[in-house]
1. Quick one: which of 531-540, 262-271, 221-230 comes out on top by average Cβ neighbours within 10 Å, and what's the full order, highest first?
2. Could you calculate the FRET efficiency of Val478 with Ser628 from 1/(1 + (r/R0)^6), where r is the beta carbon distance between them and R0 is 41 Å, rounded to 0.05?
3. Which whole-number percentage describes the relative contact order of the range 431-507, with Cα contacts under 8 Å and a sequence gap of 6 or more?
4. Run the quick spin-label model on Arg636 and Thr527: label points 7 Å from Cα toward the beta carbon, then report their separation in nm to one decimal.
5. Rounding to the nearest 20 debye, state how big the charge dipole of the range 281-384 is about its Cα centre with +1 on each Lys and Arg Cβ and -1 on each Asp and Glu Cβ.
6. Leaving out ligands and nucleic acids, and using a 1.4 Å probe, what accessible area per residue does the chain come to in Å²?
7. Let me check I've understood the local charge: for His175, count other residues with C-beta under 15 angstrom from its C-beta, Lys and Arg +1, Asp and Glu -1. What total comes out?
8. Within the range 534-566, what residues put their amide N at less than 17 Å from the label point 7 Å along the Cα-to-Cβ vector of Asn510?
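The values are calculated or read from the model by the stated rules, or taken from the named source; none is laboratory data. In this text, all values refer to a predicted model and were calculated from it rather than measured experimentally. Note that each Cβ is placed from the backbone with ideal geometry, even for glycine, and that neighbours are counted across all protein chains shown. The protein model used for the area step is the full one, side chains on, heavy atoms only, and it has no ligands, DNA or RNA in it. Shrake-Rupley method; radii C 1.70, N 1.55, O 1.52, S 1.80 Å.
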Amino acid sequence: MESSSSTMDRVNFRTQILTRHLQNHHIPPTDLIHTAPCVNYSPPELSEPLANFDTKSLRKLLDGKSIDVIDHMFNLMIQSNLFCPRERGGKVFVSPDFNQSMEQQREMTMKRIDYLREQGAFDGWFSRKGDDGELWRFALAETVSVFDHSLGIKLGVHFFLWGGAIRFMGTKRHHDKWFKPTETFEVKGCFAMTELGHGSNVRGIETVTRYDARTEEFIISTPCESAQKYWIGGAANHATHTVVFSQLEINGVNEGVHAFIAQIRDADGNICPNVRIADCGHKIGLNGVDNGRIWFDNLRIPRENLLNSVADVSPDGQYLTAIKDPDQRFAAFLAPLTSGRVTIAASSMNTAKVGLAIAIRYSLSRRAFSIRPNEPEVLLLDYPSHQRRLLPLLAKTYALSFASNYLKMIYVKRTPASIKTVHVVSSALKAVLTWHNMRTLQECREACGGQGLKTENHVGHLKSEYDVQLTFEGDNNVLMQQISKALLAEFLAAKKRNKPVRGLGLEHLNKPAPIIPSQLTSSTLRTTQFQTDIFCLRERDLLHRFVKEVSEHQALGESKEHIFTVTYQLAEDLGRAFSDRLILQTFLDVEATVPAGSLKDVLGLMRSMYTTILIEEDASFLRYGYLSTDNAAVVRKEVMKLCSELRPYALSLVSSLGIPDAFLAPIAFNWVDANSWSSV
């Protein structure tokens with residue numbers, strides 16, 4: 001234990017150091033107290049340069065034809081007290097009350113859904129046809145998630161998963177019976193796919209369904225504890241029906257995974273006989289969603305409850321399908337459910353927009369430290385280090401938002417021939433966009449300092465709310481490996497046919513390999529030619545390496561499953577390379593629609609920031625030799641240069657994201673008044 005004398009020695013020593021420091025600055029200690037002015041809030045709009053581009057045009061590039069739907073949904077939420085409006089610092093904000101218990105949050109989620117339903121928000125959910133209908137559904141789901149992820153997930157489970165299964169896996173008999181009560185919430189649906197023992201591996205689920213030809217009924221059973229349905233959103237409290245994914249056994253033969261409609265509660269909320277339901281309990285986020293567990297004790301359902309778009313069972317128990325290959329049947333069965341990944345990707349970008357809008361607006365009004373004596377403290381965003389933290393993430397968010405829009409369009413325009421492309425692209429973007437969202441929220445939390453810890457300021461709390469996106473609808477690392485398997489298959493199929501590679505954007509493989517300049521310059525780094533070349537070179541080389549490594553293992557007689565297990569590092573690098581090249585191409589496609597002028601110039605800056613920051617941060621460019629160490633130093637300097645050039649546009653760029661002020665946070669505006677004594 002330290003003696004009192006040594007403690008006093010340390011105190012005296014620190015006092016001497018502090019005295020010398022103050023004397024060196026020639027500022028008496030009393031002056032420091034009396035002359036320091038009070039910190040006041042100054043809106044960044046008063047000091048930031050006006051945009052030299054049309055912010056409405058930039059927002060239209062992000063939200064397209066959906067702007068009116070998005071703004072309508074925002075307004076519906078702002079108008080109701082159910083969305084917890086509160087005044088802070090002279091502005092009204094809406095956000096869930098996370099001080100409520102888990103049970104209260106769940107009931108508030110249902111009350112908000114009831115309000116939106118009464119306002120006609122969901123009218124025509126199943127009857128709206130064509131591309132516009134699909135985009136309307138996406139826009140509605142994405143917008144409610146800006147308010148609360150639980151609200152978005154609860155609606156997504158009901159409409160996209162339960163409703164989507166009936167729509168795409170069912171046939172007319174199911175549509176006629178279930179569409180209307182689903183739209184009105186007379187029926188509340190959930191989606192029982194994952195189990196305690198199986199998540200990503202859907203084929204391995206253990207729930208078993210057998211057919212009883214005597215009664216023309218299916219019998220669903222949970223044969224063991226690991227077969228209990230787990231994490232089923234809506235099951236714990238509210239759902240009346242579920243789509244059950246189960247192995248189908250016909251005459252002792254396992255025909256693979258199929259989907260069945262089962263009632264789990266009556267209209268009064270009582271759990272049905274032969275069904276057991278338990279709560280999954282409190283979670284790190286999404287506590288407004290009632291995730292539950294389900295056991296089936298030989299539950300009998302009518303034969304007609306089999307969703308039979310791909311396969312059916314006749315009254316006398318004959319298995320009927322036009323797709324004889326089990327692999328193709330399974331793929332056709334699950335293909336329509338890609339919409340889940342589409343909505344996850346889009347909502348992750350909206351959340352990144354919220355985080356960046358809050359953190360950047362705060363950094364445009366919060367000051368810290370003076371560069372010289374007697375000068376004002378410096379705005380956070382005028383520090384190069386702060387720019388480096390936030391502005392590359394802003395540019396990437398624009399790039400990834402354009403990619404998300406591309407994903408939505410190829411989904412709504414999908415054909416049987418394009419299903420594979422939709423699957424690969426949705427896997428890639430779901431992973432990359434959700435990873436980006438979590439990294440962005442973490443950086444925004446830190447960039448807001450202590451204010452980032454307050455739940456009302458969103459950025460910290462949103463991390464726990466959206467963390468689930470990294471693993472549901474597919475673990476991101478597994479998705480990266482799936483992409484590489486698909487690229488490998490496309491490449492080998494073309495080689496076997498002795499034909500050029502077609503599809504998935506791989507046509508560049510048919511051309512000579514790009515040559516990267518030995519000495520990079522700032523101007524080179526900003527050309528679309530260089531950016532495209534180095535991204536294509538990386539993807540091309542990694543694909544060839546992957547083909548070679550897989551072939552070497554095959555030559556040793558190893559199984560396909562083992563090979564993909566041991567080549568995962570290269571597979572994940574290749575998956576990233578495919579994703580990054582795809583995102584760059586979607587950015588270039590958007591840019592091509594914009595006429596020459598200031599908006600196109602800003603887009604060019606953001607594109608160059610997107611490509612340059614990726615080259616700096618992704619070790620594969622150095623690991624595989626696409627970049628020398630000298631050129632890596634040039635890239636690093638270019639990032640800072642691009643940050644300084646984007647800095648004057650910071651406020652205009654976050655204003656163009658289209659998030660209403662009410663959905664941001666007090667620190668994005670007058671954070672002094674929001675924390676004043678009068679607000680207590």
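1. Numbers: 531-540: 21.8, 262-271: 14.0, 221-230: 17.9.
Highest mean packing first, the order is 531-540, 221-230, 262-271.
2. Values: r = 34 Å, r/R0 = 0.82.
The calculated FRET efficiency here is 0.75.
3. On the way: 48 pairs, mean separation 18.2, N = 77.
Over the range 431-507, the number comes to 24 percent.
4. So the two model labels end up 2.5 nm from each other.
5. About 400 debye.
6. Averaged over the residues of the chain, the accessible area is 45 Å².
7. Taking every other residue near His175 into account, the sum is +4.
8. Within reach of a label on Asn510, which here means backbone N under 17 Å from a point 7 Å along Cα→Cβ, the range 534-566 contributes 540.
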